[in-house]
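Colleague: I am attaching a structure below and will ask some questions about it afterwards.
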Amino acid sequence: MRPIPMRSGWLVVSTLTLFTGVSGCSDPKPQSDLYDSGDAMDDAAAIPADARYITHLLFAGPDGRSFFGVFDQSSQENQLTRQYHAWWSDGSAWHPLVNERDTLPIPRASWRILPTTDMNVRVGDMGQMVSLIFTPRDGMPVRLDAREAVSVWTGPTGQRESLGLGVLQLEDDARPGLLFFRRAARALSIPPTAGTSRTFVLADSLGNGLLFHTGDEQQPTVAHTWLHGTEAAWSDVILETLDPTEGAEEWSFSISGTDLRGNIRTRAGIINDNVSSDTPLRLPPVVIEGVLFLGDEQFQFLGLSTRLTLP
């Protein structure tokens, strides 16, 4: 456990820097990813010549509003091949935002999310990405904003992960929630990792949140909690699959040595037809609901779950 005291409630704070707009174009300029302010990867000499990068973004709102994005790109022979897929959900169905496959001249930073015809990227003065703005041809405008980072860490296989506060805006209706970010990389000369982890991201109306990564014998289930403005990481987590009820998957969880326990279940009737089968997914995202008990307190959560692959 590593608690980080912060203010409770959703911190819907204004970004301290002016946004810089980046429009989709034939020769887009790379910008930094969420919560990046420049790190060792900014040194072009440290980047493998041929590599694959996958960035996942998962947003969970307390009203069931969700976002899921997969930004998959590979650099090889002076070209960047990318596959971008993103959707948003209102709690009853998934709606596509981006479905992009193309090849570009290789940029200086091959891991950064680049703009497309239907997606703009906005950054702060330190190069950190603060917004993704989607203008799909056949749908409403959608905007995802990253706000304060709650915690940043390195995953068991070297991927960079972070949990933070965010806002998902549909047209003029902006709602706060919890934002999970993962970026992983692999040199193409190294065989790909076969394993995946199922990830659960949940939020409630009081500004609390939960994150679970399922594991296996080599990598156990881990969790991050964001309760009453304090973040904590947990490694001794028990997450068990229960018998399905009313056609919905269900799990129970507990954290050894604490009073934290609860249940998670998928919400029946969610439409996944718009999640295309050609994305790099083992399992389409599903909308979930959960309850957590901490002593006499009870927290009701909504969110999403999917199985995340590594490069």
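We did not get these values from a lab; they are worked out from the coordinates using the rules stated. Worth saying up front: this structure is predicted, and the values here are computed from it rather than measured. As a convention, Cβ positions derive from the backbone with ideal geometry for all residues, glycine included, and neighbour counts pool all protein chains shown.
Colleague: So, by mean Cβ neighbours within 10 angstrom, what's the order for 174-181, 88-95, 187-194, 249-256 with the highest one leading?
Modeller: 174-181, 88-95, 249-256, 187-194
Colleague: Here is a follow-up. Considering only DSSP states other than H, G, I, E and B, which trypsin sites (Lys or Arg not before Pro) in the stretch 83-122 qualify as loop sites with at most 11 other Cβ atoms within 10 Å?
Modeller: Here the trypsin sites (Lys or Arg not before Pro) that fit, given the DSSP loop and packing criteria, are ARG108.
Colleague: Could you rank the peptides 152-161, 302-311 by their average count of other C-beta atoms within 10 Å per residue, with the highest value first?
Modeller: Put in order of decreasing packing, that is 302-311, 152-161.
Colleague: Counting Lys and Arg as +1 and Asp and Glu as -1, what is the net charge of the other residues whose Cβ lies under 12 Å from the Cβ of ALA187?
Modeller: +1
Colleague: Taking θ as phi - 60°, what are the ³J(HN,Hα) couplings along the stretch 69-83 by the Karplus curve (6.51, -1.76, 1.60), each to the nearest whole Hz, with x for Gly and Pro?
Modeller: So the Karplus estimates, Gly and Pro as x, are x, 10, 10, 10, 8, 10, 9, 7, 6, 6, 10, 10, 9, 10, 10 Hz.
Colleague: Quick check on the stretch 77-230: take the gyration tensor over C-alpha atoms, sort the square-rooted eigenvalues as a ≥ b ≥ c, and tell me if it's rounded (a/c under 1.5), prolate or oblate.
Modeller: Here the stretch 77-230 falls in the oblate category.
Colleague: Between GLN76 and ASP172, what is the label-to-label distance in nm when each label sits 7 Å out along the Cα-to-Cβ direction?
Modeller: 4.8
Colleague: Once amide H atoms are placed 1.01 Å from N in the peptide plane, what residues at a sequence separation of 5 or more from LEU97, or on another chain, have their amide H within under 5 Å of its amide H?
Modeller: Amide H neighbours of LEU97: ALA86, TRP87, TRP88.
Colleague: Taking 7 Å along the Cα-to-C-beta vector as the label spot, tell me the ILE190-ASP236 distance in nanometres, rounded to one decimal.
Modeller: A separation of 3.1 nm, rounded to one decimal place.
Colleague: Using the Cβ atoms and a cut-off under 12 Å, what net charge is assigned to the surroundings of PHE293, where Lys and Arg are +1 and Asp and Glu are -1?
Modeller: Surrounding charge for PHE293 is -2.
Colleague: Report the charge-dipole magnitude of the stretch 142-199 in Debye, nearest 20, computed about the Cα centre from +1 at each Lys and Arg Cβ and -1 at each Asp and Glu Cβ.
Modeller: Using only the charged Cβ atoms, the result is roughly 380 debye.
Colleague: Right, another one. Along the charge dipole of the stretch 108-168, Cβ charges K/R +1 and D/E -1, which of GLN128, LEU165, LEU144 sits furthest on the positive end?
Modeller: Most positive-ward Cα: GLN128.
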